[in-house]
Amino acid sequence: MSEKIKYLLGIDGGGTKTEFLLTDMSLNEVGRIILGTSNPVNTGIENTKSVLLQGIEEICKGISFSEISVFAGLAGGGADEIKTEINSFLASFGFGAFLNGTDADSAVELALKGENGAAVIMGTGIIAFVRSCAEMHRIGGRGFMMDKGTSGFCLGSEALNAAYEYLDKRGKSLIIYELVAKKLGGNPEDFVGEIYNRGAGFVASFAPVIFEAYKMGDKTAQEILDRNVRESVKLLRAAQTYLKKGEKTVICGGLCKQKDVLQSFFNKYMSQDFPITFSDEPMVNGAVLIAKNKVG
């Protein structure tokens, strides 16, 4: 069967977006598309299947499914019932090879490439996975209602909160207020219902406001970043209790687009005994690697 496979399809489904990457067997890009969230916990399994169907049909157009090896790593895709249903859904296409799991599987493959270390994913949420002595350990990753730290949801929520505090004359950040109002397209007071209705992914989309305000010299944004990084450092330190001195910690996920800002904050609080690197490589690349591993 592996001789018939000519293409690799990686799918990275997060709380904010779902990315599809099709490559040849040498990892040369053939196509890439981005659709909306496919987290089955947040939006339901039928929405997940709808997004996957749209993406698969679009990116694989003109190619026989039997020539493709697929890995779909989805946020919220680790529960047994959901994993089984997504597996059955993928089986219906007739792919040459297929596998599904969580977005964390993609991140760990991309970050550690089989070595010991910690992979910290900072996307809509925040979670750490540690590979040590052939065992895998998880820290955090219990959802936006419980996890604190440098995640899209936490920073987006803080941006919105700062905007409403300014509106109430409880806060001082005119910059954050104006950036939030610009993104919403009007007075934030008029969008409270929409924010609640559109959920965690929409809230996370306001995270860039904090970085933009920080770069403009906003003190409130600086305080927000410092506070959230300190929460993330607690998670990193817990992860590093499983590691030996010198083993790597790789921070990946959507927020790593702001690694130049985040690096300085993490350097304030982390020991140099455990080197931290930031990877802004798309996590869908890790899904493609797993799809390739599937065919040996």
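Which condition does Lys219 not pass, out of (1) of a type outside the set (Gly, Ala, Ser); (2) in contact (Cβ under 8 Å) with a residue 40 or more places away in the chain; (3) closer than 30 Å to Ser38 by Cβ; (4) surrounded by fewer than 14 Cβ atoms within 10 Å (Cβ to Cβ), if it passes all the others?
Among (1) of a type outside the set (Gly, Ala, Ser); (2) in contact (Cβ under 8 Å) with a residue 40 or more places away in the chain; (3) closer than 30 Å to Ser38 by Cβ; (4) surrounded by fewer than 14 Cβ atoms within 10 Å (Cβ to Cβ), Lys219 violates only (3).
For the stretch 170-230, give me every one of the helices (runs of 4 or more DSSP H) that falls completely inside it and has 1 or more residues that are over 22 Å from Thr16 (Cα atoms) and of a type in the set (Ser, Thr, Tyr).
Numbers: elements: 174-184, 192-204, 207-215.
Passing ranges, in order: 174-184, 207-215.
Met136 - would you say it is in the same structural domain as Leu243 (by TED's automatic domain parsing), under 28 Å from Tyr269 (Cα atoms), surrounded by fewer than 24 Cβ atoms within 10 Å (Cβ to Cβ) and under 17 Å from the mean Cα position of the chain (by Cα)? Can you show your working first?
Numbers: in the same structural domain as Leu243 (by TED's automatic domain parsing): yes; under 28 Å from Tyr269 (Cα atoms): yes; surrounded by fewer than 24 Cβ atoms within 10 Å (Cβ to Cβ): yes; under 17 Å from the mean Cα position of the chain (by Cα): no.
Against the criterion (in the same structural domain as Leu243 (by TED's automatic domain parsing), under 28 Å from Tyr269 (Cα atoms), surrounded by fewer than 24 Cβ atoms within 10 Å (Cβ to Cβ) and under 17 Å from the mean Cα position of the chain (by Cα)), Met136 does not qualify.
Across the stretch 102-130, what is the total count of residues that are at positive phi and small (Gly, Ala, Ser)?
Of the residues in that region, 2 qualify.
Can you tell me which residues in the stretch 86-135 are assigned to a loop (DSSP other than H, G, I, E, B), over 22 Å from Lys259 (Cβ atoms) and polar (S, T, N, Q)?
Within the stretch 86-135, the first condition is being assigned to a loop (DSSP other than H, G, I, E, B), and the residues that meet it are 92-96, 102, 113-116, 123-125, 133-134.
Then drop every residue that is not over 22 Å from Lys259 (Cβ atoms), which leaves 92-96, 102, 114, 116, 133-134.
Of everything in the stretch 86-135, those that are assigned to a loop (DSSP other than H, G, I, E, B), over 22 Å from Lys259 (Cβ atoms) and polar (S, T, N, Q) turn out to be Ser92, Thr102, Asn116.
List, please: which pairs have Cβ atoms under 7 Å, are six or more places apart or on different chains, and start with a residue in the stretch 104-128 that is within 16 Å of Lys244 (Cα to Cα) and end with one that is charged (D, E, K, R) and in a loop (DSSP other than H, G, I, E, B)?
Asn116/Glu247; Gly117/Glu247; Gly117/Lys248
Each row is one residue, and each column tells you yes or no for (1) buried (at least 17 other Cβ atoms within 10 Å of the Cβ); (2) over 21 Å from Gly101 (Cα atoms); (3) not charged (D, E, K, R).
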| position | (1), (2), (3) |
| --- | --- |
| Lys4 | no, yes, no |
| Asp12 | yes, no, no |
| Gly15 | yes, no, yes |
| Ser26 | no, yes, yes |
| Thr37 | yes, no, yes |
| Glu46 | no, no, no |
| Gly62 | no, yes, yes |
| Val70 | yes, no, yes |
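Restricting the first residue to the stretch 19-44 and requiring it to be touching a residue at least 60 places away in the same chain (Cβ under 8 Å) and more than 27 Å from Gly143 (Cβ to Cβ), which pairs with a second residue that is of a type in the set (Val, Ile, Thr) and in a strand (DSSP E or B) meet a Cβ separation below 8 Å and a spacing of at least six or different chains?
Qualifying pairs under 8 Å: Thr23/Val30.
Those residues that are within 10 Å of Thr18 (Cβ to Cβ) and either in the same structural domain as Arg142 (by TED's automatic domain parsing) or aliphatic (A, V, I, L, M) (or both), I need them from the stretch 29-53; list them, please.
Taking the stretch 29-53 first, the residues within 10 Å of Thr18 (Cβ to Cβ) are 33-39, 48, 51-52.
Listed by number, the residues that qualify are Ile33, Ile34, Leu35, Val51, Leu52.
With the structure loaded, tell me whether Val180 is of a type outside the set (S, T, N, Q), closer than 27 Å to Ala79 by Cβ and surrounded by 14 or more Cβ atoms within 10 Å (Cβ to Cβ) or whether it fails that test.
Working: of a type outside the set (S, T, N, Q): yes; closer than 27 Å to Ala79 by Cβ: no; surrounded by 14 or more Cβ atoms within 10 Å (Cβ to Cβ): yes.
It is false that Val180 is of a type outside the set (S, T, N, Q), closer than 27 Å to Ala79 by Cβ and surrounded by 14 or more Cβ atoms within 10 Å (Cβ to Cβ).
Please enumerate the residues belonging to the stretch 232-258 that are charged (D, E, K, R) and either outside the structural domain of Ser157 (by TED's automatic domain parsing) or buried (at least 18 other Cβ atoms within 10 Å of the Cβ) (or both).
First pass over the stretch 232-258, keeping only residues charged (D, E, K, R): 234, 237, 244-245, 247-248, 257.
Selection gives Glu247 alone.
For the stretch 267-294, which residues satisfy the criterion of being over 19 Å from the mean Cα position of the chain (by Cα) and within 15 Å of Arg237 (Cα to Cα)? Reasoning before the result, please.
If we filter the stretch 267-294 for residues that are over 19 Å from the mean Cα position of the chain (by Cα), which is where we start, we get 267-275, 292-294.
Within the stretch 267-294, Asn267, Lys268, Tyr269, Met270, Ser271, Gln272, Asp273, Phe274, Pro275 meet the criteria.
For the stretch 18-42, which positions are closer than 30 Å to Tyr196 by Cα and either modelled with pLDDT under 90 or among the hydroxyl-bearing types (Ser, Thr, Tyr) (or both)?
So in the stretch 18-42, the residues closer than 30 Å to Tyr196 by Cα come out as 18-20, 33-42.
Correct list: Thr18, Thr37, Ser38, Asn39, Pro40, Val41, Asn42.
The values are calculated or read from the model by the stated rules, or taken from the named source; none is laboratory data. Only a predicted model underlies this, so the values are computations on that prediction, with no experimental measurement involved. In this analysis, Cβ positions are derived from the backbone assuming ideal geometry, glycine residues included, and neighbour counts consider all displayed protein chains.
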